[in-house]
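Below is one structure; the comments refer to it alone.
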Amino acid sequence: MRGLFTCGILDTFMEEGVEFDGAVGISAGACFGCNLKSRQPGRALRYNLRFAGDKRYCSFRSLIKTGDIYNADFCYRKIPQELDPFDYETLKNNPMEFYMGVTDVETGKALFPQLVDGCDKELDWMLASASMPLAARIIEIDGGKYMDGGIADSIPLEFLQSKGYDRNVVVLTQPRNYVKKPNSLMPLIRLVYRKYPNFVHAVAHRHEMYNAETRYVFEQEKLGNVLVLCPEAPLGISRIEKKGSELQRVYDMGKRIARERLDEIKEFLSKG
């Protein structure tokens, strides 16, 4: 739910006509960021405020019954198709490229499938991107097995640069001085995922990868290739926060930061 900070920023972009040629979202960044391509400001906040406390949306009962703390069928089918419709037509017609980062459980490497029209297979990729270890199932797609994209590549700036995007706005949900620490649940991770040693290795070294990627982001910022938007202090919100006031607070923080730096953002992008 730190991703609601990102939603506040993205909604400001849409409201102010700030557009991009391409984007990549990881985990919640994929689930919420897709609304940038479908041009639906306010949608991610709206359905989270409506359903965050709903046991069909997120609950330990869902984890026990389905293997996913966020109920996959409810979140990726019922909400976008019935309860808060996703604009699939706009998504398909918007030329902006949108990629979703996933981790290949068998290799421990990152893959970046593209969201084009929101078909069932693409929604499975999105589900995989946000499938947190120990809190979700491994997602099988075309014979492969995938989970949370942040395990293998938490801040895929270099991926977008490899696609030819040379001026990038990077949204982080941690403050600039944040340093990721080793995963305290590694004994359990090693037990549960013992059949997938490459995945276990990736989880064990994720903090090193994450910290190296944040250093690279700030190096690129100094060179003028990147503009970074992040909170001034830790957001202080649970990953599965249910209180609407907390979701709204974090969202509003993202909106405030984006509006305060809006002129700077537009100037940065105009030089591309």
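The values are calculated or read from the model by the stated rules, or taken from the named source; none is laboratory data. From a predicted model like this one, the values you see are computed outputs, not experimental measurements. Note that each Cβ is placed from the backbone with ideal geometry, even for glycine, and that neighbours are counted across all protein chains shown. Ligands, DNA and RNA are stripped out before the accessible areas are found, and what is left, the full protein with its side chains, is counted by its heavy atoms. Shrake-Rupley method; radii C 1.70, N 1.55, O 1.52, S 1.80 Å.
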Among Gln114, Gln81, Pro175 - extreme Cα towards positive end, dipole of segment 76-175, charges at beta-carbon: Pro175
Reachable lysines from Lys195, criterion Cα separation under 24 angstrom, eight or more residues apart if same chain: Lys65, Lys109, Lys145
Rounded if a/c under 1.5, otherwise prolate or oblate - segment 171-272, Cα gyration tensor axes: oblate
Electrostatic dipole magnitude of segment 45-188 [Cβ: Lys, Arg +1; Asp, Glu -1; Cα centre; debye, to 20]: 700
Heavy-atom accessible area ranking, 1.4 Å probe, most first, across Ser238, Ser270, Ser38, Ser27: Ser270, Ser238, Ser27, Ser38
Lys, Arg +1 and Asp, Glu -1 on Cβ, resulting dipole of the chain about Cα centre, debye, nearest 20: 1080
Charge dipole (debye, nearest 20) of segment 1-102; +1 at Cβ of Lys and Arg, -1 at Cβ of Asp and Glu: 620
The chain - accessible surface per residue (Å², probe 1.4 Å): 47
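Which of the peptides 231-237, 209-215 is most tightly packed, and how do the rest follow, judged by the mean count of other Cβ atoms within 10 Å per residue?
209-215, 231-237
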Charge-dipole axis of the chain as Lys and Arg at +1 and Asp and Glu at -1 on Cβ define it, positive-most pick from Met96, Ala152, Phe51: Phe51
Segment 178-227 shape via C-alpha gyration tensor axes, a/c threshold 1.5: prolate
Rounded to the nearest 10 Å², the accessible area of Ile64 at probe 1.4 Å: 140
Where labels lie 7 Å past Cα in the beta-carbon direction, separation of Arg215 and Arg46 in nm: 4.4
Residue pairs, from the table Lys37/Lys78; Lys92/Lys255; Lys92/Lys163, whose Cα atoms sit over 25 Å apart: Lys92/Lys255
Accessible surface of Arg50 - all protein chains present, 1.4 Å probe, nearest 10 Å²: 140
Exposure rank, largest accessible area first [Phe159, Phe5; 1.4 Å]: Phe159, Phe5
